[in-house]
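Trainee: Next up is a structure, given as structure tokens.
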Amino acid sequence: MINFFQEELIKFFNKYKDIPKVSFGIKIPQAISLLSNSKEGMKDVIRHLIKDHGYKKIIFVKGPENFEWSVERFSAYKEVLEENNISFDETLVFSGDFVADTGYKVMQEIILMEIDYDAIVFANDDMALGAIKCIESMKEAGKCSADKKSIICGFDDSLNASQVTPRLTTVRQPIKEMCYKAVELLVKGESEEQTIEFPCVMVKRESCGCSYNKENDDIENNMDVKLAARFRAHESIQSYQIDELFDRLTTLLKHCFIKSCFIFKYVEGPIFYDVEMAFDESFEVPKTSELIYAFCDGERRSIDEEERIIMTTSILPESFINYDRRFTHLVLPLFFKNEHLGYTCFEGTDNNDVMIFELLRGQISNTLKGALMLMERERIEESLRENERLASLGQLIGGISHNLMTPIMSIAGLAAALEDLNNEYRDSIGDESVTIEDHLEINSEMGEWIEKLKEYNSYMSSVISTVKSQAVQLNAQTNNSFTINELTNRIKFLRNSDIIIRKSDFSLFVDADSSIVILGDISNIIQILDNLIKNAIESYTRKELHECRVELGILKKENMIIITVKDFGVGIPDEVKSRIFKYIVTTKGKTGNGVSLMLSYSTIKGKFGGEIWFESKINEGTEFFIALPIAKDR
């Protein structure tokens, strides 16, 4: 029976009718198919348990029903039982899916049901390893006896089979021999359809009851495999900060004796892959890739800007290819679920097992995805802050334009009136009916209008001067930061150095960790607080400075720092409240220009990504609140 996967594979093969083809592990028409005799390998395991150990009651856990080799292994189990006159018992057969978690659950069910058995055979190693883990866990929890039998066998001889306790008896497939044969056939150019079978080899270890001789175990003696299996790659490079990830990866690569490793991400962005792409002839990988990590000849290397971006088909920049020696590069995709991020290129030592590269590729993919997501989030946040800054700057300019329009129109009106008066005075020259009193009256009117022009000019100069420096600061691109400790020290300095604040009844309360960091320019915040404190002091009418109470508080609330400035003065009239922050508004008459609160709003929103608001009641006082986001750990 041909399943969907085989159908699609046959379609793929048919696109290359005129070149030699070798199928590895699955039989394909019109190709040379290299297969391992997994059925005979499984028979060897069952016979070993029966003949060498005398086990009769053997549980078998199957693989997926639609997998040919899964069906073959189950058939081997039944045939060996039959040839040894052991009755087949369906209650000793469980369904599985080649996943470790399934092995754990099946073993748990067997223990809880108190099924009597001599040995358990799993259709692959992953399920067998899950079962061993289950027995360990249930013994620790006291849910099964300490002498519970762990006579368990698997199939595949995976990397971890020799690393568990007891070491797993299993069947090793002749992968290396099949690879050599595949290359040999392709080099010779043979294309006639044929099937070549390779025998599997049983590996006897402790889990079947045999004594274990590790000197005969190739995997146990492979230094690279031992290091990769025991070094715990998933823990060693678990970080979502790009720099830290690459530092940890460098250490891990040295431990595993990897010669070179290069990581690329697609410049055009990730591919969202689906199965149809494998058979779509128009599909192309992104044309350019960016080299983001280079580990070459056992050391991490810096990346020159001119070689950072390459054509994807080039695989590596020329400077990292050593043509003076023979080399083999293994290129593997980096993907997270269906998102293809880029690729990694490995070069190992002569005795590196390819499974090491697969383990590293998988963990690099997962951690790189997290790191790239974090970078993208920070980029979006920075973009939002920039948009907020530009919006605040635009609002500031719009508000100033709106409020300057009145004096500008007044100046235009006065200029027209002065022009009329000037014309009237010119016409009066030589007119004997115009008396000295008339001249003095004209002079007096012109003087009044000139004084009004000076007043409007002074107001406009004050607004423009106040806005200019703070607007420049708002538009500046800075990456400064400060701590709560630095902020409190600057506030104390402001209190001691400013005579008005020093003479007032000013108090400071801090309820936040002094080491908390805020991103932004501390001078901007001090300028805003200076304005708010001065406004608070001026809110008291007909009182001496020492009677003007102002409370400044700093406290942490979730991921924000809240700064409060509170007074107990006259409060803000209701008709003014809705206009504060949006327009130039003042309640100080000629002593103020009303710019400071509008600038404060623009700076807090645009420069810090924060919020500013107030609460006020007539004759009870006003409290301003500033919320600033706490900097993330960097």
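Trainee: Quick check on the range 519-529. Is at least one of its residues within 41 Å of the chain's Cα centre (by Cα) and assigned to a loop (DSSP other than H, G, I, E, B)?
Mentor: yes
Trainee: Got a sec? Which of I32, I28, I59 is within 19 Å of S150 (Cα to Cα) and buried (at least 19 other Cβ atoms within 10 Å of the Cβ)?
Mentor: None of the others qualify; the one that does is I59.
Trainee: If you don't mind, there's one more thing I want to ask. Between residues in the range 498-521 that are at negative phi and in contact (Cβ under 8 Å) with a residue 24 or more places away in the chain and residues that are hydroxyl-bearing (S, T, Y) and part of a strand (DSSP E or B), which pairs lie under 8 Å by C-beta distance while being six or more apart or on different chains?
Mentor: S514/T483; S515/T483; I516/T483; V517/S481; V517/T483; I518/S481; I518/T483; L519/S481
Trainee: Being closer than 30 Å to Y16 by Cβ, not in a loop (DSSP other than H, G, I, E, B) and not hydroxyl-bearing (S, T, Y) narrows it down to one residue among I196, I120; which is it?
Mentor: Exactly one of I196, I120 is closer than 30 Å to Y16 by Cβ, not in a loop (DSSP other than H, G, I, E, B) and not hydroxyl-bearing (S, T, Y), namely I196.
Trainee: In addition: Being surrounded by fewer than 19 Cβ atoms within 10 Å (Cβ to Cβ), assigned by TED's automatic domain parsing to the domain that holds I356, out of contact with any helix residue (DSSP H, G or I) (no Cβ under 8 Å at 6 or more places or on another chain) and modelled with pLDDT under 80 is the requirement here; does E268 meet it?
Mentor: Judged against the criteria, E268 is not a match.
Trainee: What residue, of E299, E347, E290, is at pLDDT 80 or above, in contact with a His (Cβ under 7 Å, 6 or more places away or on another chain) and among the acidic types (D, E)?
Mentor: On inspection, the qualifying residue turns out to be E347.
Trainee: Given the criterion in contact with a strand residue (DSSP E or B) (Cβ under 8 Å, 6 or more places away or on another chain), under 28 Å from Y117 (Cβ atoms), surrounded by fewer than 20 Cβ atoms within 10 Å (Cβ to Cβ) and in the same structural domain as S150 (by TED's automatic domain parsing), identify the matching residue among E90, E83, E40, E79.
Mentor: E40
Trainee: Just to check your reading of the model, which residue among I562, I525 is within 19 Å of K605 (Cβ to Cβ), buried (at least 16 other Cβ atoms within 10 Å of the Cβ) and touching a Leu at 6+ places or on another chain (Cβ under 6 Å)?
Mentor: Of the residues listed, the single one that is within 19 Å of K605 (Cβ to Cβ), buried (at least 16 other Cβ atoms within 10 Å of the Cβ) and touching a Leu at 6+ places or on another chain (Cβ under 6 Å) is I562.
Trainee: Which condition from (1) more than 17 Å from K503 (Cβ to Cβ); (2) surrounded by 15 or more Cβ atoms within 10 Å (Cβ to Cβ) is the one that V550 breaks?
Mentor: For V550, the exception is condition (1).
Trainee: Scanning the range 559-593 for residues that are touching a Lys or Arg at 6+ places or on another chain (Cβ under 8 Å) and over 30 Å from T483 (Cα atoms), which turns out modelled with the highest pLDDT?
Mentor: If we take residues in the range 559-593 being touching a Lys or Arg at 6+ places or on another chain (Cβ under 8 Å) and over 30 Å from T483 (Cα atoms), then G571 is modelled with the highest pLDDT.
Trainee: Give I58, I120 a once-over and let me know the one that is in contact with a strand residue (DSSP E or B) (Cβ under 6 Å, 6 or more places away or on another chain), farther than 19 Å from R172 by Cα and in the same structural domain as T165 (by TED's automatic domain parsing).
Mentor: The unique qualifying residue is I58.
Residues are listed down the side, and each one gets a yes or a no for (1) outside any helix (DSSP H, G or I); (2) among the small types (G, A, S); (3) touching a strand residue (DSSP E or B) at 6+ places or on another chain (Cβ under 6 Å); (4) surrounded by fewer than 19 Cβ atoms within 10 Å (Cβ to Cβ):
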site	(1), (2), (3), (4)
L129	no, no, no, no
C134	no, no, no, no
G142	yes, yes, no, yes
A161	no, yes, yes, no
V171	yes, no, yes, no
K176	no, no, no, yes
C179	no, no, no, yes
E184	no, no, no, yes
S191	yes, yes, no, yes
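Trainee: Is it true that some residue in the range 102-109 is in a loop (DSSP other than H, G, I, E, B), within 23 Å of F67 (Cβ to Cβ) and touching a strand residue (DSSP E or B) at 6+ places or on another chain (Cβ under 7 Å)? So that I can check it myself, show each step before the final result.
Mentor: Narrowing the range 102-109 to residues in a loop (DSSP other than H, G, I, E, B): none.
The answer is no; no qualifying residue exists.
The values are calculated or read from the model by the stated rules, or taken from the named source; none is laboratory data. Since this is a predicted model, take the numbers as computed values, not measurements. Don't worry about glycine lacking a Cβ; one is built from the backbone with ideal geometry, like all the others, and counts go over all protein chains shown.
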